[in-house]
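For reference, the structure discussed in these notes is given below.
No value in this document is a laboratory result; all are computed from the given coordinates. Quick caveat, the model's predicted, so the values are computed rather than measured. Cβ sites come from the backbone with ideal geometry, for glycine too, and all protein chains shown count toward neighbours.
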Amino acid sequence: MIPCGSGEKRCLRKLMATHQLPVLPPNAPYLLKALSSEELSFRELASAVEQFPSIAARLVSLANSSWSSPVSEVTSVEMACARLGFSVVRSVAVALSVANVFNPNLCPAFDPVRYWCHAFLAADLGAFLAENEGSTDPQTVRTASLLHNLGLLWLATWMPEETHEGLRAWEEEPTRPLDAVLAEHCGTGCIEAGALLSEAWKFPAVLTDAIRHQAEPAYQEDHWVEAALVGLAGTWAHEHETDEEAPPAQDPRWIRLALSSELESMMLERLQRQREETRELAKTLFSH
């Protein structure tokens, strides 16, 4: 375990200065910006994705996979985008661009299929909640929700032994927040690790703030709406993914956002529909 002195943020910043950070592909900020637009045509979406040949190839492969079950062979990125749909392409393209810079294989307790299933569910739920909340951009919330647990990828790559111990401890006590358990074993939690990495990568402030403050129901400063939506999406995805009862609409973030009780039933129905399909998507992309 790495001692962190008086604070995990200071500890992380010190370690970030002495350890090489994972490097995003040069065009990744362009991809994030392009995929955030609600006005893209499939041709424009394909053009953005084609800046990343490896991602484009994976999308064509996914469109031709048994998960997609195409009627005819998909032979271009534009056809793949049309086959998969905007939501899947956005989430998968961002996931692949991020996943490619990490190597959590030395952390045996890290399950990439479980991780990305949770992330994809959170992304879908976050965008859905944002559409119903109405005051913020659904695609921004989709991206932040997809990356809400980014710090876990980094810790599993950077501190595999400590992260392994933390994940095993969490499996034995799953009612505790994963962030707190990892903080005990790694010297920092996955939330602050993800926020600091987001800062280092110069992501837009709204993404960093949403990641950093997702677990703070009383947070009231910049981008509190996005942070609350991301926190709700991550919580619902985790509860449902682990077969536990989904959290009630009495969550303080739900109340602060003035979300309706009817929306809770819609969320549960959406989770039931999406769960197996999302798990199979994660298996298709990240099973080794």
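Per-structure values
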{"quantity": "Surrounding net charge for residue 39, when Lys and Arg each add one and Asp and Glu each subtract one, Cβ distance under 15 Å", "calculated": "0"}
{"quantity": "Radius of gyration, Dmax [the range 148-200; alpha carbons; angstrom]", "calculated": "10.2, 33"}
{"quantity": "Most positive-pole-ward Cα, 265, 158, 22, against dipole of the chain from beta carbon charges", "calculated": "22"}
{"quantity": "Sum of side-chain charges, residue 231 neighbourhood, beta-carbon under 14 Å (Lys, Arg +1; Asp, Glu -1)", "calculated": "-4"}
{"quantity": "Virtual spin-label span in nm between residue 131 and residue 283, 7 Å along Cα→Cβ", "calculated": "2.7"}
{"quantity": "Residues 255, 55 arranged by fewest to most Cβ contacts within 10 Å", "calculated": "255, 55"}
{"quantity": "Total charge dipole magnitude, the chain, about the Cα centre, Cβ charges on Lys, Arg, Asp, Glu only, Debye to nearest 20", "calculated": "880"}
{"quantity": "Relative contact order %, the range 103-176, counting alpha carbon pairs below 8 Å whose residues are six or more apart", "calculated": "43"}
{"quantity": "Dipole of the chain, positive direction: furthest Cα of 140, 100, 117, with charges on the beta-carbon", "calculated": "100"}
{"quantity": "For residue 153, net neighbour charge (Lys/Arg +1, Asp/Glu -1) across residues whose Cβ lies under 15 Å away", "calculated": "-3"}
{"quantity": "log10 of Debye I(q)/I(0), alpha-carbon scatterers only, for the range 23-85 at 0.19, 0.30 Å⁻¹", "calculated": "-0.69, -1.26"}
{"quantity": "Globularity index of the chain, i.e. its alpha-carbon radius of gyration over 2.2 N^0.38 Å", "calculated": "0.97"}
{"quantity": "About the Cα centre, charge dipole magnitude for the range 60-139 (Lys/Arg +1, Asp/Glu -1 at Cβ), debye", "calculated": "220"}
{"quantity": "Dipole magnitude of the range 23-85 about its Cα centre (Cβ charges: Lys, Arg +1; Asp, Glu -1), debye to nearest 20", "calculated": "160"}
{"quantity": "Rg/Rg_globular for the range 98-193, with Rg_globular taken as 2.2 N^0.38 Å and Rg from C-alpha atoms", "calculated": "1.14"}
{"quantity": "Relative contact order [Cα under 8 Å, 6+ residues apart], the range 23-85, whole percent", "calculated": "30"}
{"quantity": "Diffusion coefficient, µm² s⁻¹, Stokes-Einstein with Kirkwood Rh over alpha-carbon pairs of the range 134-288 at 20 °C and 1.002 mPa s", "calculated": "130"}
